[in-house]
Amino acid sequence: MALQKVDLEIYIYTGTVGSYSNGDLKYTLSKDRISIQSNIVLEVAQLVRDYLDVTFNDDYNSTTIWVTIVARHFEEATGVLYESESTTITNYLAFDGFGEFEDDINPQLSTNALLTTNNIYLPESTEGKLPIFAEGVGKVTIDSVDTEIIDNGNSNQKIQYITIPADSSTIQVYDTDDATLLKTITVNNICEPKFTPYKVTFVNKYGAYQDLYFFKKTTESFNVEDEIYKRNNINAAAVDYNTYDGQRQRYNVNAVTSISLNTGFVKEDFNSAIEELFLSENAWIRWNGQTLPIIPKSKSMTFKTSLNDKLINHTVGFDFAFNKINNVR
């Protein structure tokens, strides 16, 4: 008895696992087994990603969703459902994250602290946010003060953002047994009397919002685009023209503002945060009291080390993700 084909129903929803209804059915797929293969492989990640709504207005909400896949398997000889295990139901929690090539297929990413670095940099007297995965963390200890993590099963709290009090020094993330230490993070409080620090928030490889502060020199510029046409200035009646009316006229004028930011001196493990920022499709900056979308303009990065570079500073260029002149229609 061999497998002939499989039919999939993909339900995508929020709330608690298994709480889907017929209205949550987003895709129905069917695929036949290739004759020389013994199994059937379907890729659903890109389909599911269309339903991950990634928006940010300095609010740090969980963006996870539940995915339930109902699979029905059919026999090759008869074309009917298998008598046993003909239908399987599998539940997944979806993040807008990514694995790397070295991680192999379908890698299991972090199930505790949702950032790769062991150092966080904050301006003095400024609170921060630590993204954690609620299912895998029992408590977070910040300078001997415990925060118990409660997982109620709802998708809107699977990623939680723990407030880091101003001028904290050490964060410890513990397993669900509240005893096994999983990660220790050092908080570096930076005094910057000369430049204005800017906070950039991006979606990291774990699908969580991560903050990076750029403490040093900021340069703002903008690039103008336009078109020119040549117009006829002749006054037919007087067979004359006005010298104050130009022959060449601009139109479709607009511009994109760019900024160049510097991190200030950081440790080597900050390379991974900058790398994820470059790879992220969604980033924002806190600018003049607003949260504004930006796009990394820099397309190359050099991994810096204390051995090669002594003191490590990262310079990153961004474009604001909108035109200077409002032409939203």
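Kindly check whether there is at least one residue in segment 270-286 that is farther than 23 Å from L115 by Cβ and either outside the structural domain of Y60 (by TED's automatic domain parsing) or of a type in the set (S, T, Y) (or both).
Checked segment 270-286: no residue is farther than 23 Å from L115 by Cβ and either outside the structural domain of Y60 (by TED's automatic domain parsing) or of a type in the set (S, T, Y) (or both).
Looking at I40, I10 in this structure, which one is at pLDDT below 90, surrounded by 11 or more Cβ atoms within 10 Å (Cβ to Cβ) and either farther than 20 Å from G153 by Cα or not assigned by TED's automatic domain parsing to the domain that holds T201 (or both)?
Testing whether each residue is at pLDDT below 90, surrounded by 11 or more Cβ atoms within 10 Å (Cβ to Cβ) and either farther than 20 Å from G153 by Cα or not assigned by TED's automatic domain parsing to the domain that holds T201 (or both) leaves just I40.
Identify the residue in segment 259-306 that is part of a loop (DSSP other than H, G, I, E, B) and of a type in the set (A, V, I, L, M, F, W, C) and, among all such residues, is surrounded by the fewest Cβ atoms within 10 Å (Cβ to Cβ).
Within segment 259-306, the subset part of a loop (DSSP other than H, G, I, E, B) is 267-269, 280-282, 288-289, 297-305.
Right, trim to of a type in the set (A, V, I, L, M, F, W, C) and you get 301, 303.
Working: M301: 15, F303: 12.
The extreme case among them is F303.
Could you identify the single residue in T180, T196, T163, T184 that is hydroxyl-bearing (S, T, Y), within 24 Å of the chain's Cα centre (by Cα) and exposed (fewer than 13 other Cβ atoms within 10 Å of the Cβ)?
T184
Here are some residues: S258, S306. Which one is out of contact with any helix residue (DSSP H, G or I) (no Cβ under 7 Å at 6 or more places or on another chain), at pLDDT 95 or above and either under 22 Å from N204 (Cα atoms) or small (G, A, S) (or both)? Spell out how you get there, then give the answer.
On the way: S306 fails: at pLDDT 95 or above.
Only one candidate passes the filter, namely S258.
Could you go through segment 142-157 and let me know if any residue there is of a type in the set (D, E), at pLDDT below 95 and surrounded by fewer than 17 Cβ atoms within 10 Å (Cβ to Cβ).
yes
Only one of (1) outside the structural domain of I10 (by TED's automatic domain parsing); (2) at pLDDT 95 or above; (3) under 27 Å from Y11 (Cα atoms) fails for Q172. Which number is that?
Exception for Q172: condition (3).
Since D211 meets every condition but one in (1) within 30 Å of L115 (Cβ to Cβ); (2) of a type outside the set (V, I, T); (3) not assigned by TED's automatic domain parsing to the domain that holds N313, which condition does it not meet?
(3)
May I ask you to list the residues in segment 247-258 that are exposed (fewer than 12 other Cβ atoms within 10 Å of the Cβ) and either assigned to a loop (DSSP other than H, G, I, E, B) or in contact with a Gly (Cβ under 7 Å, 6 or more places away or on another chain) (or both)?
Q247 - this is the single residue of segment 247-258 that is exposed (fewer than 12 other Cβ atoms within 10 Å of the Cβ) and either assigned to a loop (DSSP other than H, G, I, E, B) or in contact with a Gly (Cβ under 7 Å, 6 or more places away or on another chain) (or both).
Exactly one condition in (1) modelled with pLDDT of 90 or more; (2) part of a loop (DSSP other than H, G, I, E, B); (3) not hydrophobic (A, V, I, L, M, F, W, C) is false for G79; which is it?
(1)
Select from segment 204-234 the residues that are touching a Pro at 6+ places or on another chain (Cβ under 8 Å) and assigned to a strand (DSSP E or B) and list them in ascending order.
Scanning segment 204-234 gives Y209, Q210, Y213, F214.
One residue is enough: does segment 248-270 have a residue meeting the conditions within 30 Å of I234 (Cα to Cα), out of contact with any Leu (no Cβ under 9 Å at 6 or more places or on another chain) and among the charged types (D, E, K, R)?
yes
Each row is one residue, and each column tells you yes or no for (1) in contact with a Phe, Trp or Tyr (Cβ under 8 Å, 6 or more places away or on another chain); (2) exposed (fewer than 12 other Cβ atoms within 10 Å of the Cβ); (3) not aliphatic (A, V, I, L, M); (4) not in a helix (DSSP H, G or I).
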residue: Y92; (1), (2), (3), (4): yes, no, yes, yes
residue: G99; (1), (2), (3), (4): no, no, yes, yes
residue: I105; (1), (2), (3), (4): no, yes, no, yes
residue: L109; (1), (2), (3), (4): yes, no, no, yes
residue: I120; (1), (2), (3), (4): no, no, no, yes
residue: K129; (1), (2), (3), (4): yes, no, yes, yes
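The values are calculated or read from the model by the stated rules, or taken from the named source; none is laboratory data. Everything numeric here is computed off the predicted structure, so don't read it as measured data. All Cβ positions, glycine included, derive from the backbone under ideal geometry; neighbour counts span all protein chains shown.
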